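Note sheet for the following structure.
Read-outs throughout are calculated quantities, based only on the coordinates presented, and are distinct from any laboratory measurement. In this text the structure is predicted, and so the values were computed from the model without any measurement. Cβ coordinates were reconstructed from backbone atoms using ideal geometry, including for glycine residues, and neighbour counts include every protein chain displayed.
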């Protein structure tokens, strides 16, 4: 009976050593993961790229806004010119028909 208890104690000690080793490995991996956090060179590089992309996005939005404004102006000018041409044709329609154009 004491032999059985001794054997069980040895098995439990071995299992305890394995579990301690697994816990230490897990703690090491956790430390590595935390080290890759916001202060890592990789994360700082990514944050710099995000800031650069945000600046580019802002510039593109500003440029798009000015282009949209210019497009609106051109469309308004086009309508005015179209109306002027239409008025001109109506004004000289008879003369144009008589001349054969």
If you project the alpha carbons of the range 49-89 onto the principal axes, what extent comes out on each, in Å, largest first? 58, 8, 5
For the chain, what is the convex hull volume of its Cα atoms per residue in Å³? 206 Å³
Does anyone have the angle between helix 2-35 and the longest principal axis of the chain? Alpha-carbon axes, 0 to 90°, nearest 10? 30 degrees
Using a 7 Å offset from the Cα along the Cα-to-Cβ direction at both residue 72 and residue 87, what is the distance between the two label points in nm, to one decimal? 2.4 nm
Acute angle (nearest 10 degrees) that the helix 41-91 long axis makes with the longest principal axis of the chain, alpha-carbon atoms: 20 degrees
